[in-house]
């Protein structure tokens with residue numbers, strides 16, 4: 001099991017031009033930080049607690065991607081298929097990891113995903129796909145300070 005902690009924080013992940021996207025990213029980072037703590041301190045028998053945290057993260061990510069995909073449709077983002085395709089691929093990977101955990105309770109596989117694979121993807125995705133999407137939205141009149149409730 002990895003002893004490395006998740007190093008992504010609101011301060012280390014690039015901020016994009018839309019508050020709603022940044023806030024969603026910060027929520028996700030907090031869920032992953034909490035999940036990372038559970039993994040780091042995992043002991044046999046903590047399966048239900050980890051499963052609950054994983055399901056919460058998966059549900060948040062599904063909502064996150066759905067909201068972002070809707071934004072891209074609303075602003076007629078030209079790279080929608082590429083960006084939403086990446087969402088679909090990562091969601092499929094995450095669902096596979098959650099299913100694997102629920103079936104096998106393989107802490108090493110879960111650790112590798114949470115501490116290595118996902119943070120690398122997330123950092124790259126925010127710095128490329130999300131950055132460009134947010135800039136396009138603002139350039140086309142989307143309010144950068146609009147919240148999820150607006």
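Read-outs throughout are calculated quantities, based only on the coordinates presented, and are distinct from any laboratory measurement. From a predicted model like this one, the values you see are computed outputs, not experimental measurements. All Cβ positions, even for glycine, are placed from backbone atoms using ideal geometry, and neighbour counts span all protein chains on display.
Against the main long axis of the alpha-carbon atoms of the chain, helix 47-74 sits at an angle near 10°. Kirkwood-type hydrodynamic radius, the chain: 16.1 Å, calculated from all non-identical alpha-carbon pairs. Expressed as a fraction of 2.2 N^0.38 Å, the value expected for a compact globular protein of N residues, the C-alpha radius of gyration of the range 8-63 is 1.28.
Counting every other Cβ atom within 10 Å of each residue's Cβ, 111, 96 order from fewest to most as 96, 111.
Dividing the radius of gyration of the alpha carbons in the range 34-74 by their Kirkwood radius gives 1.23 for Rg/Rh. Using the empirical formula 2.2 N^0.38 Å as the baseline, the Cα radius of gyration of the range 91-150 reaches a ratio of 1.59. Remark on the range 58-114: hydrodynamic radius 12.5 angstrom, per the Kirkwood mean of 1/r across alpha carbon pairs. Fewest-first ordering of 147, 66 by other beta carbons within 10 Å of each residue's beta carbon gives 147, 66. Computed from Cα atoms, the angle from the helix 80-104 axis to the main principal axis of the chain rounds to 10 degrees. Taking springs between alpha-carbon atoms closer than 10 angstrom, which of 103, 127, 22 fluctuates most in the Gaussian network model of the chain? Sorting by GNM fluctuation, first place goes to 103. Helix 19-40 axis versus longest C-alpha principal axis of the chain: approximately 10°, rounded to the nearest ten. Note: relative contact order over the chain, using C-alpha pairs below 8 Å and six or more positions apart, is 45 percent.
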